[in-house]
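**Student:** After the structure tokens below, expect a handful of questions from me.
The values are calculated or read from the model by the stated rules, or taken from the named source; none is laboratory data. Computed from a prediction, not measured in an experiment: that's the story for all the values here. Because the Cβ atoms are built from the backbone with ideal geometry, glycine has one as well, and the counts that use them run over all protein chains shown. Remember, those area values only see protein heavy atoms, side chains included, never the ligands or the DNA or RNA. Shrake-Rupley method; radii C 1.70, N 1.55, O 1.52, S 1.80 Å.
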Amino acid sequence: MDRFSLKGKVALVTGGTRGMGEATAIGFAEAGADVAVTGRKLPELEQVADKIRKLRRKSIAVTAHLGHVEEIQSLVDKVVKEFGKIDILVNNAGTNPALSSTMEMTEKLWDAVMNLNLKGLFFLSQAVAKVMKEHGGGAIINVASIAGVKPELNPQAAHVYSISKAGVIMATQVMAVDLAPYKIRVNGIAPGLVKTKMSLSGFEVMPGREEMLLKRTPLRRLGEPDDVVGAMIYFASDASAWVTGKTLEVDGGELLT
Ligand SMILES: NC(=O)c1ccc[n+]([C@@H]2O[C@H](COP(=O)([O-])OP(=O)(O)OC[C@H]3O[C@@H](n4cnc5c(N)ncnc54)[C@H](OP(=O)(O)O)[C@@H]3O)[C@@H](O)[C@H]2O)c1
């Protein structure tokens, strides 16, 4: 199993306070990595960092609003100051506001979603890639969504979210080509519905959504945060050494139907 080991690696996981980011940070620590977690809320981040330390791995919690590009460099500097390098970056932080159909969209909402889901992801990747280049390479993993592959039919769904996640899938391909000369691989995952704070708030505004999603998911269950961790470890580790630019759907088969 050595090819899946993250021993000696340093990872930075965004959106590490809860949900898939927390599950990934802990999964990486179990696989041997030291892990920096970032989000906006320090107390929650510290709890995750404590769980990682209990696994006898090093961890720091650093706050940053990743929709604000000016906060990115100091985040990267703090992680490098603590650990000396970054081998793995997981761009997981994201936002998915409901009620943003084409007719209802406002510029403010558009900017809030795009600034975090796409612009923040791109410029954090750029800043971390400069560190990875100095240390001989690395792995970047972007969290897209199956919503970035096909539009939601529900008029109440967040269509700007789908547009941003389609951008994430293309950003993964563009960065994979651009960063390959520096031995930096860039891949992504596109989850289906995973039960987290973000997705559960969607059930409140869209009654019947859970039943509808279950019906069209061949594996007949919604995802749990832990369901994405295997794919994350695969893309972070040498197990995927010859894979770059790919976005793997982790969705219980939903896109097949
Ligand atoms: N859940 C799903 O069904 C689903 C499906 C497909 C894709 N996704 C994607 O998966 C990723 C993780 O989502 P999740 O479902 O695990 O959601 P979640 O549990 O709500 O977690 C979202 C994370 O993003 C962080 N975050 C939010 N706004 C931020 C900002 N402006 N700056 C920095 N960090 C911020 C949050 O931390 P703070 O609140 O501390 O800032 C939190 O850690 C997102 O990119 C999402 O689009 C989710």
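**Student:** So what are the ³J(HN,Hα) numbers for segment 232-237, from phi and the Karplus equation (6.51, -1.76, 1.60; θ = phi - 60°), rounded to whole Hz, Gly and Pro as x?
**Tutor:** 4, 5, 4, 6, 7, 9
**Student:** Go through 150/246; 7/85; 130/150; 51/195; 51/246 and tell me which ones have a Cα-Cα distance over 23 Å in this structure.
**Tutor:** On the way: 150/246 17 Å; 7/85 14 Å; 130/150 33 Å; 51/195 21 Å; 51/246 31 Å.
Table pairs above 23 Å Cα-Cα are 130/150; 51/246.
**Student:** On average, how much accessible surface per residue is there in the chain, in Å², for a 1.4 Å probe, leaving out ligands, DNA and RNA? Show your work: numbers first, answer last.
**Tutor:** Numbers: 12550 Å² over 257 residues.
Value returned for the chain: 49 Å² of accessible area per residue.
**Student:** When the chain is modelled as a GNM with alpha-carbon springs shorter than 10 Å, which of 53, 209, 18 fluctuates the most?
**Tutor:** Top of the fluctuation ranking is 209.
**Student:** If amide H atoms are built 1.01 Å from N in the plane of the peptide, which residues on other chains or at least 5 residues away come under 5 Å of the amide H of residue 194?
**Tutor:** Those lying under 5 Å, H to H, from residue 194 are 223.
**Student:** Can you compute the modelled spin-label distance between residue 173 and residue 135, with each label point 7 Å from Cα toward Cβ, in nm?
**Tutor:** Modelled inter-label distance: 3.0 nm.
**Student:** Calculate one ³J(HN,Hα) per residue across segment 71-81 by plugging θ = phi - 60° into the Karplus curve 6.51 cos²θ - 1.76 cosθ + 1.60, and present them in order as whole Hz with x for glycine and proline.
**Tutor:** Going residue by residue, I get 8, 6, 5, 5, 4, 4, 4, 5, 5, 5, 4 Hz, with x marking Gly and Pro.
**Student:** What FRET efficiency comes out for residue 69 versus residue 215 if R0 is 35 angstrom and r is the Cβ-Cβ distance? Round to the nearest 0.05.
**Tutor:** The value I calculate is 0.30.
**Student:** When the accessible area of the chain is computed with all protein chains present and a 1.4 Å probe, what percentage of it is carbon and sulfur?
**Tutor:** Values: 7030 of 12550 Å².
That fraction is 56 percent.
**Student:** What is the spin-label model distance, in nm, from residue 242 to residue 257 if the labels are put 7 Å beyond Cα along the C-beta direction?
**Tutor:** Each label point lies 7 Å from its Cα, and together they span 3.6 nm.
**Student:** Still on this structure, I have one more. Equivalent ellipsoid semi-axes for the chain, as square roots of 5 times the alpha carbon gyration tensor eigenvalues: give them largest first, rounded to whole Å.
**Tutor:** For the chain, the semi-axes come out at 28, 19, 18 Å.
**Student:** Counting other Cβ atoms within 10 Å of each Cβ, which chymotrypsin sites (Phe, Trp or Tyr not before Pro) in segment 211-257 have at most 15 and sit in a DSSP loop?
**Tutor:** Working: sites: 234, 235, 242; in loops: 242.
Here the chymotrypsin sites (Phe, Trp or Tyr not before Pro) that fit, given the DSSP loop and packing criteria, are 242.
**Student:** Contact order normalised by length for the chain, with contacts defined as Cα pairs under 8 Å and 6 or more residues apart; what percent is it?
**Tutor:** So the answer I get is 20 percent.
**Student:** So, one more: So if R0 is 41 Å, what FRET efficiency would residue 41 and residue 150 give, r being the distance between their Cβ atoms, rounded to the nearest 0.05? Don't jump to the answer; show the numbers that get you there.
**Tutor:** Details: r = 32 Å, r/R0 = 0.79.
E between residue 41 and residue 150, to the nearest 0.05, is 0.80.
**Student:** Then there's this: Once amide H atoms are placed 1.01 Å from N in the peptide plane, what residues at a sequence separation of 5 or more from residue 36, or on another chain, have their amide H within under 5 Å of its amide H?
**Tutor:** Amide H neighbours of residue 36: 11, 12, 13, 60.
**Student:** Same structure, new question: For segment 56-64, just list the computed ³J(HN,Hα) in residue order, Karplus coefficients 6.51, -1.76 and 1.60, θ = phi - 60°, integers in Hz, with x standing in for Gly and Pro.
**Tutor:** The phi angles translate into 6, 10, 7, 8, 10, 10, 10, 7, 6 Hz.
**Student:** Next question, about the same structure. Using a cut-off of 14 Å between beta-carbons, work out the net charge of the residues near residue 1 (Lys and Arg +1, Asp and Glu -1, residue 1 not included). All intermediate terms of the calculation are to be shown ahead of the outcome.
**Tutor:** Working: positive: 3, 7; negative: 2, 30, 238.
With Lys, Arg at +1 and Asp, Glu at -1, the net is -1.
**Student:** If you don't mind, there's one more thing I want to ask. So for segment 1-135, averaging the separation of alpha carbon pairs under 8 Å that are six or more residues apart and normalising by length, what relative contact order in percent results? Show your work: numbers first, answer last.
**Tutor:** Values: 223 pairs, mean separation 33.2, N = 135.
Taking the mean separation of contacting Cα pairs over the length of segment 1-135, I get 25 percent.
**Student:** What residues qualify as long-range amide H neighbours of residue 186, i.e. H under 5 Å apart, gap of 5 or more or another chain, H built at 1.01 Å from N?
**Tutor:** 140, 245
**Student:** Moving on. Just to be sure I understand: with springs between alpha-carbon atoms less than 10 Å apart, which residue in 208, 67, 21 has the highest mean-square fluctuation in the Gaussian network model of the chain?
**Tutor:** 208
**Student:** If I build a Gaussian network model for the chain, linking alpha-carbon pairs within less than 10 angstrom, which residue out of 213, 153, 118 has the largest mean-square fluctuation?
**Tutor:** Most flexible of the set in this elastic network: 153.
**Student:** While we're here: Straight-line reach from residue 108: which lysines have a Cα under 21 Å away, not including same-chain ones fewer than 8 places off?
**Tutor:** 119, 165
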